[in-house]
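Read the structure below first, then the notes.
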Amino acid sequence: PRTVTPRQTFSFATPLVITVNGQTQIISPGSGAVSALDPKDGREIWRVRYGSGYSVVPRPVFAHGLIFVATGYGRADLLAIRADGEGDVTETHVEWRVTKGAPLTPSVVVVGDELYAVADIGLATCFDARTGKVHWQERLEGNYSASPLAAEGRIYFQNENGTGTVVKASREFVKLATNKFEERTLASYAAIDGALFIRTAEHLYRIGK
């Protein structure tokens, strides 16, 4: 059972399976806290409390020994947590935490040493994954539910109004393209065999060679 019980108790994040020092962990963000669970018996290995965050949607991401997790509604925070703890590590294992640019709905993506995020209101940010330093922060058109996708040195952002923005995966903001589907778009991109699959309100697109 959860050891943290905020007023709102529902969340939707997909758990993530990782291995730390030879031990498998299931990273499970929920209302009020994120927990690492032992898949053998469900035992809680560690947890980080993040207050009243609930309705957590973004999937956790693991890179550089850090778990990146967003805290959900009503105010989003983005946390980077060292995954080698035990017990309540709220005060010891949070490497950095930010509010500006933190997503409520889209997941984040890590490319090399950089973490890319887009807030629901369209504020896109490139963070240093290890320190949380902001390399750039730019306002993109529209609101966002879809998670960004990284591929071949590019980051793809898709807004809810059907406009996609492609930027260079770089510590400098470089916009490469804008693509308009002219349909409402909430779903994240899927990629397979060099093609992108994009689901809009009325169509499913396959874009590739």
For segment 180-196 the number of residues that are within 20 Å of the chain's Cα centre (by Cα) and either over 14 Å from Ala151 (Cβ atoms) or without any contact (Cβ under 8 Å) to a residue 12 or more places away in the chain (or both) is 4
Taking segment 113-145 and keeping only residues that are in a strand (DSSP E or B) and closer than 22 Å to Ala201 by Cβ, one is left with Val118
Screening Thr19, Thr9 for residues that are open to solvent by 70 Å² or more (accessible area, probe 1.4 Å) and in a loop (DSSP other than H, G, I, E, B) leaves only Thr9
Residue pairs qualifying under the 8 Å Cβ cut-off, at least six apart or on distinct chains, with the first in segment 98-116 being over 10 Å from Phe127 (Cα atoms) and among the aromatic types (Phe, Trp, Tyr) and the second being modelled with pLDDT of 95 or more and in a strand (DSSP E or B), are none
Note on Val56: of the conditions (1) modelled with pLDDT under 95; (2) farther than 22 Å from Ser147 by Cα; (3) under 21 Å from the mean Cα position of the chain (by Cα); (4) among the aliphatic types (A, V, I, L, M), unmet is (2)
Listed by range, strands (runs of 3 or more DSSP E) wholly within segment 23-106 having at least 3 residues that are open to solvent by 20 Å² or more (accessible area, probe 1.4 Å) and charged (D, E, K, R) are 44-49
Those residues of segment 179-209 which are open to solvent by 70 Å² or more (accessible area, probe 1.4 Å) and β-branched (Val, Ile, Thr) amount to Ile192, Ile207
Residue hits (segment 124-171; among the hydroxyl-bearing types (Ser, Thr, Tyr) and either open to solvent by 50 Å² or more (accessible area, probe 1.4 Å) or more than 17 Å from the chain's Cα centre (by Cα) (or both)) are Thr131, Thr163, Thr165, Ser170
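The values are calculated or read from the model by the stated rules, or taken from the named source; none is laboratory data. Everything numeric here is computed off the predicted structure, so don't read it as measured data. Cβ atoms come from the backbone with ideal geometry, glycine included; neighbour counts cover every protein chain shown. Quick note on the areas: whole protein, heavy atoms, side chains included, nothing else; ligands and nucleic acids left out. Shrake-Rupley method; radii C 1.70, N 1.55, O 1.52, S 1.80 Å.
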